[in-house]
1. Could you rank the peptides 3-14, 156-167 by their average count of other C-beta atoms within 10 Å per residue, with the highest value first?
2. Arrange 30, 115, 183 by Cβ neighbour counts within 10 Å, fewest through most, would you?
3. What percentages make up the Cα-Cα pair-distance distribution of segment 152-246 when the bins are 5 Å wide from 0?
4. Top mean-square fluctuation among 221, 104, 53, Gaussian network model of the chain, C-alpha springs under 10 Å?
5. Considering only C-alpha atoms, what is the centroid distance from segment 205-249 to segment 23-84, in Å?
6. In percent, what relative contact order does segment 152-246 have, based on Cα pairs under 8 Å that are 6 or more apart in sequence?
7. Of 179, 197, 39, which is the most mobile in a GNM of the chain whose springs link Cα atoms less than 10 angstrom apart?
8. Taking every DSSP beta bridge with both residues inside the chain, roughly what % is antiparallel (nearest 5)?
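Read-outs throughout are calculated quantities, based only on the coordinates presented, and are distinct from any laboratory measurement. Only a predicted model underlies this, so the values are computations on that prediction, with no experimental measurement involved. Note: ideal-geometry Cβ built from the backbone for every residue, glycine included; neighbour counts use all protein chains shown.
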């Protein structure tokens, strides 16, 4: 059974699930925010290590022993100078004997956390107020992959055809077993709240899956010069400026 500290931390993490967008760790919760929300005393030199001593390690072991989703991966380091910027600390991956760059496994655990029924383990507790989401972004990556397939709009098909399914950043394309080419369409200024980017071709680029993820995460800066052009596809600078400004690039 979880101690009160472990259950309160679980409660906090469950309360932030509605704001989570798996492909955007900015919608997750930082070690410092979790520490503050729980009203904990600083018991180590960093919030992360202090949190480990006050419920985090216990909760992580409890989820593993019971075969539950690794929900503690919602807590990430948001200090830019950290080696683990925008991801959990190494202990999260070590517990499951995973490489610290196994982001696909990490994403899968968060997706499972979103659909798991945590209610039986929160009985009798008063929910901690969830911190407001500041940087709500695109739909989470696993859902987005399905969404792109189901919503392969005429514009998406058009932009892929214009570029022959070749990434506008690196030129790569994926050759499927049946010989067809695969690429993805990315909205530079994301659709939906809070960005409200338009579904127009000058707000889209044709990219490979790797660069699509990097754009979703805000890993790379965009510029017109770095994008391979093609007749029939004009990209507006204002959407590129939005991407760079939003991610501070």
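1. Working: 3-14: 19.7, 156-167: 18.0.
The densest-packed peptide leads the list: 3-14, 156-167.
2. On the way: 30 19, 115 8, 183 24.
Ranking 30, 115, 183 by Cβ neighbours within 10 Å, fewest first, gives 115, 30, 183.
3. All Cα pairs considered, the percentages come to 3, 14, 26, 27, 18, 8, 3, 1, 0.
4. Of 221, 104, 53, the Gaussian network model singles out 104 as fluctuating most.
5. Spelled out, the Cα-based centre of one part sits 32 Å from the other.
6. Details: 136 pairs, mean separation 28.8, N = 95.
Relative CO of segment 152-246 lands at 30 percent.
7. 179
8. Numbers: 7 of 10 bridges.
If I count the DSSP bridges inside the chain, around 70 percent turn out antiparallel.
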